[in-house]
1. Within the stretch 48-70, identify whether any single residue is acidic (D, E), touching a residue at least 24 places away in the same chain (Cβ under 8 Å), outside any loop (DSSP other than H, G, I, E, B) and touching a Ser or Thr at 6+ places or on another chain (Cβ under 8 Å), and answer yes or no.
2. Of all residues being assigned to a helix (DSSP H, G or I), farther than 21 Å from I6 by Cα and of a type in the set (D, E, K, R) in the stretch 71-99, which is modelled with the highest pLDDT? Just the residue, please.
3. Name the residues in the stretch 1-46 that are of a type in the set (S, T, N, Q) and without any contact (Cβ under 8 Å) to a residue 12 or more places away in the chain, would you?
4. Taking into account only those residues within the stretch 2-47 that are surrounded by fewer than 10 Cβ atoms within 10 Å (Cβ to Cβ) and hydrophobic (A, V, I, L, M, F, W, C), which is nearest to N75 (Cα to Cα)?
5. Based on what the data block shows, is D80 out of contact with any Asp or Glu (no Cβ under 7 Å at 6 or more places or on another chain) and either of a type in the set (D, E) or in the same structural domain as V7 (by TED's automatic domain parsing) (or both)?
Amino acid sequence: MYISYIVIAEVLTVLRKINSKDFIVEDAYNHMVNEIKIIDDTEYYEESFKSCLDNKTGFFDNLYYILMKDLGIKNIITFDPDFNIFNDINKISNIKELV
């Protein structure tokens, strides 16, 4: 599994927005930084910017699609329906699919 610092920040922001308890936020952070390989996605920003002008999907969704293609990653865990436009990746939105 891979994650980027932007996704870590996004997860922490969402946890705060839903008023998660401090220990939950801390556990989530510790798990992400200690158990998942963190990748630097900044080299993909220019290509992502160009792609988000060509389709209706936002910058970050294009960013992770491009990154997945480059790294040969076929599966993404997300609830974001914008990933539905990418037919060549598998969107996992049901935790039962991970088992």
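1. Start the filter on the stretch 48-70 by keeping residues that are acidic (D, E), which leaves 54, 61, 70.
Now restrict to residues that are touching a residue at least 24 places away in the same chain (Cβ under 8 Å): 70.
With the extra rule that they be outside any loop (DSSP other than H, G, I, E, B), the set shrinks to 70.
Of the ones still in play, those that are also touching a Ser or Thr at 6+ places or on another chain (Cβ under 8 Å) are none.
So far as the stretch 48-70 goes, no, none of its residues is acidic (D, E), touching a residue at least 24 places away in the same chain (Cβ under 8 Å), outside any loop (DSSP other than H, G, I, E, B) and touching a Ser or Thr at 6+ places or on another chain (Cβ under 8 Å).
2. Here the answer is K96.
3. Of the residues in the stretch 1-46, the ones of a type in the set (S, T, N, Q) are 4, 13, 19-20, 30, 34, 42.
Within the stretch 1-46, T13, N19, S20, N30, N34, T42 meet the criteria.
4. Taking the candidates together, the pick is I18.
5. Details: out of contact with any Asp or Glu (no Cβ under 7 Å at 6 or more places or on another chain): no; either of a type in the set (D, E) or in the same structural domain as V7 (by TED's automatic domain parsing) (or both): yes.
Criteria not met by D80.
Results for (1) aromatic (F, W, Y); (2) in contact with a helix residue (DSSP H, G or I) (Cβ under 8 Å, 6 or more places away or on another chain); (3) not assigned by TED's automatic domain parsing to the domain that holds P81, shown as yes or no for each residue.
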{"site": "I3", "(1), (2), (3)": "no, yes, yes"}
{"site": "I6", "(1), (2), (3)": "no, yes, yes"}
{"site": "T13", "(1), (2), (3)": "no, no, yes"}
{"site": "I18", "(1), (2), (3)": "no, no, yes"}
{"site": "I24", "(1), (2), (3)": "no, yes, yes"}
{"site": "Y29", "(1), (2), (3)": "yes, yes, yes"}
{"site": "F49", "(1), (2), (3)": "yes, yes, no"}
{"site": "L53", "(1), (2), (3)": "no, no, no"}
{"site": "D61", "(1), (2), (3)": "no, yes, no"}
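The values are calculated or read from the model by the stated rules, or taken from the named source; none is laboratory data. Just so you know, these numbers come straight off a predicted model, no measurement behind them. Methodologically, a virtual Cβ is constructed for each residue, glycine included, from the backbone with ideal geometry; neighbour enumeration extends over all protein chains shown.
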